[in-house]
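A.B. asks: Below: one structure in structure tokens.
The values are calculated or read from the model by the stated rules, or taken from the named source; none is laboratory data. This structure is a prediction, so every number in the text was calculated from the model and none was measured. Cβ sites come from the backbone with ideal geometry, for glycine too, and all protein chains shown count toward neighbours.
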């Protein structure tokens, strides 16, 4: 027994050595068990249960390559069963006109295909289930977005109704003190309305553009300011969550109201508003040419600043006022793009 035959005896799959493209020169034990003990010496076509031309074409391809050529063919087994078998053929040794090919047969029983089919069915069922869950989640998300937009729309309408009512109340106020109180509440409502309008317009319903928020609030305040007062805005873009947008709009409204009432109370002037990144922070500043807060009598301005301090604590920010030639009110908070607002 040659070394090749000794090794082939340990291979669990049928191995056939084909000589001259038609005669079976050798069969290992697995091949004899599958095709019959007398398979060696027989013609290969005797084992085929399908077209001989296709198989002959396959063998010619394999005879030109030392690398295995994969294919399949129907074979007639020793049991009389006809089964389609996956095969690999490669040139074993050329010998003039009678080359020798080695043919490896991968015998897969019906039970193996049954297990594979079961796994495929289970996988397809899992894929369908996941697709159904994905569709349900997408529908729920669409419904949630629709409801949230409707909520923003109704809230905005209700705020506008309140603004109309407060405007009428301010016009009908019998005293200057009452009118001032109502107009203060009206300005705060307009700041809230500006934030709500941006929430409604943004594609992402949970975020608001910081630059647009600052510009919108400043435009709203400027509309009721004297014509000889200028509000200059220089804001970098940053996205704020809805939980931060409304308090920040109210903070800016209070700072602008204080600047107009106190910083520019002696005549025309310019209020400068900026939103800038400084390290990991975003800083909102309102600067006016007025006197220091400490030099002004206690009253509404201090009350407004108390509101500002409370709102700053709500959004996790800090508030300070400096006076070096002009009054600068600064609100410092964590940049939402780098960390969660509210962690201070």
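A.B. asks: Being in contact with a helix residue (DSSP H, G or I) (Cβ under 8 Å, 6 or more places away or on another chain), farther than 29 Å from residue 268 by Cβ and not in a helix (DSSP H, G or I), is that true of even one residue in the stretch 171-189?
C.D. replies: Within the stretch 171-189, not a single residue is in contact with a helix residue (DSSP H, G or I) (Cβ under 8 Å, 6 or more places away or on another chain), farther than 29 Å from residue 268 by Cβ and not in a helix (DSSP H, G or I).
A.B. asks: If you take the residues of the stretch 226-235 that are under 12 Å from residue 270 (Cβ atoms) and surrounded by 13 or more Cβ atoms within 10 Å (Cβ to Cβ), which of them is farthest from the chain's Cα centre (by Cα)?
C.D. replies: Per the stated criteria, the residue is 229.
A.B. asks: Another question about this same structure. Mind listing whichever residues of the stretch 236-274 are assigned to a strand (DSSP E or B) and under 28 Å from the mean Cα position of the chain (by Cα)?
C.D. replies: 239, 240, 241
A.B. asks: Just checking, which of 263, 304, 267 is touching a strand residue (DSSP E or B) at 6+ places or on another chain (Cβ under 7 Å), at pLDDT below 85 and either surrounded by 13 or more Cβ atoms within 10 Å (Cβ to Cβ) or closer than 23 Å to residue 229 by Cα (or both)?
C.D. replies: 263
A.B. asks: Any idea which of (1) closer than 15 Å to residue 218 by Cβ; (2) at pLDDT 85 or above; (3) surrounded by fewer than 22 Cβ atoms within 10 Å (Cβ to Cβ) is the one residue 251 doesn't satisfy?
C.D. replies: The failed condition is (3).
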